[in-house]
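A.B. asks: The structure is given below, and queries will be raised subsequently.
The values are calculated or read from the model by the stated rules, or taken from the named source; none is laboratory data. On a predicted model such as this, the values are computed, not experimentally measured, just so you know. Methodologically, a virtual Cβ is constructed for each residue, glycine included, from the backbone with ideal geometry; neighbour enumeration extends over all protein chains shown.
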Amino acid sequence: MKWTPDTTLTDFYELCYRRQKHAGKSPNTVTDYRVAIRRYRAYFEAAGQSIEPKLSHLTDDYLSDFQAWYVDDLDRAPETPNKYARNIKAIWRYAKRKGAIDYLPDVDRLPTPKHARKTWTPAEFDRLLTAASQLPGDFGGVPAAVFWRAIIMVVTNTASRINAIMQLKVSDVDFEREKISIDHDHTKDNADHRPPLLPVTAEAIRQLLACRPAKRSDRLFACWPYDEHADRNWDTLRDHYKKLLAQAELPASRKFLFHCLRAYTLTRIAAKYGIEAARQFVKHSSLSVTMAYIDFDQIEGTVDIKQVFPEFSGTRPPTPPAPGGPQLRVFRGDAAAG
């Protein structure tokens, strides 16, 4: 098939790139690329161009402006447009390789600040569970309190992403062997994840199953009535969770959503067994990835600068020089500059 600058991004991805580059890849990877193309289309729509982006729309100016639009207009962290731009540039490079276009991207990643991770303390986590247990209402016949306690405990127990949790099937929970299975199709590293099932998590799931109406979907959390086409964003679920956090009088900004529960688990593991044990628990490819989830303020044994310099630990001000001692010589140029 002949690919040209007039070929749409969607067609090139679905008919060429996906078949040749993503054969055997996780469905999550395919979804990531499809979402990136949809977001790129949304950028053009926001600019007043209701078009289906073509390979000819792969230009440095458009892609740079897309990244800026995502941060400035949508008020998102730079990590998100960086991820979408990375996928679009991969398609772009392959289009060049196939002869559809004759130039390569020259667009840098947006700088991303390295914020120190903060997660819940055990006391704050207990407040979250207490607030969840007091919620009124229901979702599809399942009390909201039962639903949210189960969600929170499963995410915390497994340290898995919310999309993987929302895709869990009832059969993925093995009460007899006390295991819960996260299929490789729903993990970023394309690896199965089968952590032990905590008794409190097992009880929360049993309560959820006892409330589920008969003949429901086999998905564990099928009672959730929103986000049917969530693109793995689960926006409505996150909005409800923000309200729960506010009710528990906890921070409810983006960095304290479901990823914060993952950070809570990995911080607890690292505090007891070390960071390498936390990495192995979630099968991260490198220790640096795991370290981004660790709240080091909660880790005993991290460097205490006061112990390194005990002679400087007091509050006593330095002793002034004795009168008549040597004076600091100020050069004329320094004095003029001052």
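A.B. asks: Any residue in the range 17-26 that is assigned to a loop (DSSP other than H, G, I, E, B), of a type in the set (Ser, Thr, Tyr) and touching a residue at least 60 places away in the same chain (Cβ under 8 Å)?
C.D. replies: yes
A.B. asks: Could you pull out the residue among Trp92, Trp69 that is within 21 Å of the chain's Cα centre (by Cα), surrounded by 14 or more Cβ atoms within 10 Å (Cβ to Cβ) and at pLDDT 95 or above?
C.D. replies: From the options Trp92, Trp69, the qualifying one is Trp69.
A.B. asks: Another question, then. Do you know which residues across the range 21-37 are loosely packed, with under 14 Cβ neighbours inside 10 Å and either within 21 Å of Gln67 (Cβ to Cβ) or at pLDDT 95 or above (or both)?
C.D. replies: Thr31
A.B. asks: Residue check, Arg117 against (1) more than 25 Å from Ala252 (Cα to Cα); (2) surrounded by 14 or more Cβ atoms within 10 Å (Cβ to Cβ), all met but one. Which one?
C.D. replies: (1)
A.B. asks: Filter the range 252-270 down to the residues that are surrounded by fewer than 18 Cβ atoms within 10 Å (Cβ to Cβ) and over 17 Å from the mean Cα position of the chain (by Cα) and list them by number.
C.D. replies: None - no residue of the range 252-270 is surrounded by fewer than 18 Cβ atoms within 10 Å (Cβ to Cβ) and over 17 Å from the mean Cα position of the chain (by Cα), so the list stays empty.
A.B. asks: Could you tell me whether Val71 is in a helix (DSSP H, G or I), among the aliphatic types (A, V, I, L, M) and touching a Cys at 6+ places or on another chain (Cβ under 9 Å)?
C.D. replies: Answer is no for this residue.
A.B. asks: Kindly list the number of the only condition in (1) part of a loop (DSSP other than H, G, I, E, B); (2) under 27 Å from Asn163 (Cβ atoms) that fails for Gly48.
C.D. replies: (2)
A.B. asks: Considering Tyr293, Tyr273, which residue is out of contact with any Ser or Thr (no Cβ under 9 Å at 6 or more places or on another chain) and at negative phi?
C.D. replies: None of the others qualify; the one that does is Tyr273.
A.B. asks: The conditions are (1) farther than 30 Å from Phe281 by Cβ; (2) without any contact (Cβ under 8 Å) to a residue 40 or more places away in the chain; (3) not in a helix (DSSP H, G or I), and Thr112 fails exactly one of them. Which is it?
C.D. replies: The one condition Thr112 does not meet is (1).
Residue by residue, here is whether (1) of a type in the set (A, V, I, L, M); (2) surrounded by fewer than 15 Cβ atoms within 10 Å (Cβ to Cβ); (3) in a loop (DSSP other than H, G, I, E, B); (4) at pLDDT 95 or above holds:
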{"site": "Asp102", "(1), (2), (3), (4)": "no, yes, yes, yes"}
{"site": "Asp126", "(1), (2), (3), (4)": "no, yes, no, yes"}
{"site": "Thr130", "(1), (2), (3), (4)": "no, yes, no, yes"}
{"site": "Ala145", "(1), (2), (3), (4)": "yes, no, no, yes"}
{"site": "Arg149", "(1), (2), (3), (4)": "no, no, no, yes"}
{"site": "Ile152", "(1), (2), (3), (4)": "yes, no, no, yes"}
{"site": "Ala164", "(1), (2), (3), (4)": "yes, no, no, no"}
{"site": "Lys188", "(1), (2), (3), (4)": "no, no, yes, no"}
{"site": "Ala191", "(1), (2), (3), (4)": "yes, yes, yes, no"}
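A.B. asks: Additional query: Starting from the range 129-150, take each residue that is more than 12 Å from Leu244 (Cβ to Cβ) and list its partners that are of a type outside the set (A, V, I, L, M, F, W, C) and surrounded by fewer than 14 Cβ atoms within 10 Å (Cβ to Cβ), counting only C-beta distances under 7 angstrom and pairs at least six apart or across chains.
C.D. replies: Short answer, once both residue conditions are applied: Phe139/Pro225; Gly140/Pro213; Gly140/Pro225; Gly141/Pro213.
A.B. asks: For the range 166-184, what are the residues that are surrounded by fewer than 13 Cβ atoms within 10 Å (Cβ to Cβ) and acidic (Asp, Glu)?
C.D. replies: Hit for the range 166-184 is Glu176, nothing else.
A.B. asks: Now for a separate question. For the range 226-338, which fully contained helices (runs of 4 or more DSSP H) count at least 1 residues that are modelled with pLDDT of 95 or more?
C.D. replies: In the range 226-338, the matching helices (runs of 4 or more DSSP H) lie at 235-247, 258-273, 275-282.
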